[in-house]
Amino acid sequence: MAKRRVNNPSRHREKSKGRQSEKGLFHFPMLRLASRIILVAITVGILTWQWQNMTVWATTAKNETVRLFGLGLPLIIIAIGILSGITWWQRHRPLVNRLRYWSAGIAFTVAIWGILGFSNVGGSIGLSITGQDITGYPVFLSAFRLAGLFFLGTILAAPQACLRAGKGAASWLHKQLQKRPAPILTTPPPELTPPPVTIAPPPPKIEEERQPVPPPPTITPPAPAPPAPAQPQLELKQVAEDVWKKYGEAPDLATADGWMLPPIDILDRAPEVEFSQADNTQRARIIEESLASYGVETKVVQINAGPTVTQFGVEPGWDRKMKEIKERDREGNITVRLEEVSKTRVKVERITSLANDLALALAAPSIRIEAPVPGKSIVGIEVPNTSSTLVTLRGVIETSAFQKAESKSNLALALGKGAGGEAIAANLSRMPHLLIAGATGSGKTVCLNSIICCLLLHNPPTTAQFIMIDPKRVELTPFNNIPHLATPVIVDTNKALSTLRWLNQQMNKRYQTLASTGVRNIEGYNKNKQGDEKLPYLILIIDELADLMMTGFDEVEHILCRLAQLARATGIHLVVATQRPSVDVVTGLIKANFPTRISFAVTSQVDSRTILDIGGAEKLLGRGDMLFMPTEAGKPKRLQGCYVSDAETERLVSFWESQRRKKAVPLRIEELVSPTAAVSEEEYPRDPLLETAKQLAEEHKHISTSFLQRKLRIGYPRAARIMEQLEEEGFKREE
């Protein structure tokens, strides 16, 4: 058996007393003080005895050290101090790092010492070890040695940074070597030749390959084909003639201000798709059973089938508290029955917390829970359909919801259909601006195209005009031939900034016009005017805001916010889209001035909160699935956006292009304002010190900018401006 050790307190006390008594015998306080006094006395005696010899030795060592190292001595002392501080700061690091820092410091010290060797001071006092001894006498070899020492010290001090810099340089060199020289053009490019149509040749050719429109057999063949660069323009002109003969010569076309409006038949009709009611009933039963298995009593009371998702309206049940009551019957048997004591409604949080479990039970990629549905006492569970339905622009325009919105304003927009299949329309004049965001491929550009096409269907050029900015160069250029453009589609970011400045000035001019006529907004100004007398709406469409923000962040943000705050009354509206909804692009100031927002599918909840101030956009399905946040709503609404094909866009553009023979009076931005042009046009005001500078120039004959700085006690920019004004008056600058 193992012996158990028992602690004995009395035994420990005896041992501690013995140690204290032993310590007290040999360590007296007086004895320690006496020993210290004796040690100090011996040290003072030795120093007094050998003081003269020690003084001579110290003076000799000092002179020898100074004579040996010369100008390098203070440099060595400074280097040792710096390296000692770095070693103390890096004392917790491995020994290898500290040795690396010391080696780098030695390399830098020797290199700087070598640079001092080039001075005349080092050679004049006859040093033993000078910088010239380190570098050597040939200047060419000395430069290589110093560069090698600095390079070695840099590598030892920061090896990781040097490695990254080397990789970057190697990658850049590889890319430069991979580049091929551009072919030399013997003929001018197609866009420089005056084509019969203003659109550039490449985009129409791409559109023709996507959706060719064969000419009807009754049309006579065109004239002999011109050279190859003009072939796409003739094909596009032929398409425009075919579209005009098919849709433009109908007698029942609506007209506005002398312009024929496109018929609704120019758009495609969506095929009808019927949903299986049995499938939705089965999924409703799965939802009830899944929630009941987690102790949540619910009942599906509504099933709203939408084009992409189906919304199941779930009514929360009750949480009941039961009590057991035991009773004895006449025969003496005890029976137990349950009696309901209280009941409370199931909390909504208990349903929303089971979103992932419901997605697992329904085998759905993701579900979205809207709790509660606005205006209803139910919780909406949106489940993706097994097969989605295409929502076309024509299908939404023909609904009563859009017709009601279109009767109130010409700027009605068909956005899409909701989760329950209802059509959603909005009014751009009430928004009054729209911000669109979403990841690549989620449907932003298609949404912009549907907005433009919807406005083109109901507005002539005298009512609405567009300014389109497309840094991608391929998304909005198909609209380059419509007469609604105030300027051709802008693809250059510098020109885009100038356009924003021009639009800001146009807003100020419109306010002056409204003030002179005594009206408050553009609706009151256009009330009794017809045709070209009207003031058209100006709609600015930006396809990629992030590119503009990188070009001129402060200026773009300032102009956009000013337009968003003031331009509503003048009829200027903004539709801005971006694929990067980060805080440096969609800033807080821009969000505050764009209350109406649309978010397509994004990659994370952070992006969803950036654009909508609420999560949920990260669970969207993409391909037109979006969340629409109107101005007056507290929660976003889920929609499936309208789809406009390339063929529909081409037919609509061709319809308006065929009416170019009618002279319109669109706005033309001929000279875009830029800050450099504004500064060059305006001369600097006459400086008050110009007369004094003239007197100095007459006294000294030749003057310079630095001379004016010293004599007039002014800064360099002002002195340079005075010097330029003196040169304009005939005074010469000092050479």
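The values are calculated or read from the model by the stated rules, or taken from the named source; none is laboratory data. Remember, predicted model here, so these are calculated numbers, not experimental data. No Cβ is skipped: glycine too gets one built from the backbone with ideal geometry, and neighbour counts run over all protein chains shown. Please note that ligands, DNA and RNA were not included when accessible areas were found on the heavy atoms of the full protein model with its side chains. Shrake-Rupley method; radii C 1.70, N 1.55, O 1.52, S 1.80 Å.
With every protein chain left in place and a probe of 1.4 Å, what is the accessible surface of VAL606, to the nearest 10 Å²?
Here the accessible area works out near 100 Å².
Show me the ranking of peptides 472-479, 357-364 by mean Cβ neighbours inside 10 Å, starting with the highest.
472-479, 357-364
How much net charge surrounds LEU712 when only other residues with a Cβ under 13 Å from its Cβ are counted (Lys, Arg +1; Asp, Glu -1)?
Counting the neighbours of LEU712, the net charge comes to +4.
Using a probe of 1.4 angstrom, how much of the accessible area of the stretch 276-328 is carbon and sulfur, in percent?
46
If packing is taken as the mean number of other Cβ atoms within 10 Å per residue, what is the order of 156-166, 632-642, 687-697, highest first?
Packing order, densest peptide first, comes out as 632-642, 687-697, 156-166.
In terms of the Cα gyration tensor, with a ≥ b ≥ c the square roots of its eigenvalues, is the stretch 269-368 rounded because a/c is under 1.5, prolate because a/b exceeds b/c, or oblate?
The shape class here is prolate.
Net charge within 13 Å of LEU457 by Cβ-Cβ distance, Lys/Arg positive one each and Asp/Glu negative one each, not counting LEU457 itself?
Within the 13 Å Cβ shell, the charges total -2.
Just to confirm a number: summing +1 for Lys and Arg and -1 for Asp and Glu over residues other than LYS323 whose beta-carbon lies under 9 angstrom from that of LYS323, what do you get?
Taking every other residue near LYS323 into account, the sum is -2.
Leaving ligands, DNA and RNA out of it, report the carbon-plus-sulfur percent of the accessible area of the stretch 448-558 at a 1.4 Å probe.
46
Only loop residues by DSSP count here, and only those with at most 11 other Cβ atoms within 10 Å; note down the trypsin sites (Lys or Arg not before Pro) in the stretch 301-343 that meet that.
Listed in order of number, the matching sites are ARG330.
Tell me, what HN-Hα J-couplings in whole Hz come from the Karplus equation 6.51 cos²θ - 1.76 cosθ + 1.60 at θ = phi - 60° for each residue of the stretch 593-602, using x for Gly and Pro?
9, 10, x, 8, 9, 10, 10, 8, 5, 10
Give me Rg/Rg_expected for the stretch 393-437, where Rg uses Cα atoms only and Rg_expected = 2.2 N^0.38 Å with N residues.
Compactness ratio reported: 1.12.
Compute the whole-percent fraction of alpha carbon pairs in the stretch 283-337 spaced more than 14 Å apart.
67
Enumerate the amide H contacts of LYS637 below 5 Å, restricted to partners 5 or more residues apart or on another chain; note that Pro and chain-start residues carry no placed amide H.
PHE628, MET629
What per residue convex hull volume, in Å³, comes out for the stretch 480-542 when only alpha-carbon positions are used?
About 93 Å³ per residue, rounded to a whole number.
Give me the log10 of I(q) over I(0) for the stretch 501-610 at q = 0.13, 0.14, 0.24 Å⁻¹, as the Debye formula computes it from C-alpha points; what are the numbers?
One equal scatterer on each Cα of the stretch 501-610 leads to -0.57, -0.64, -1.34.
Ordered by packing density, taken as the mean number of other Cβ atoms within 10 Å over each peptide's residues, highest first, how do 481-489, 500-508 rank?
Details: 481-489: 20.3, 500-508: 18.1.
Ranking, from highest mean packing down: 481-489, 500-508.
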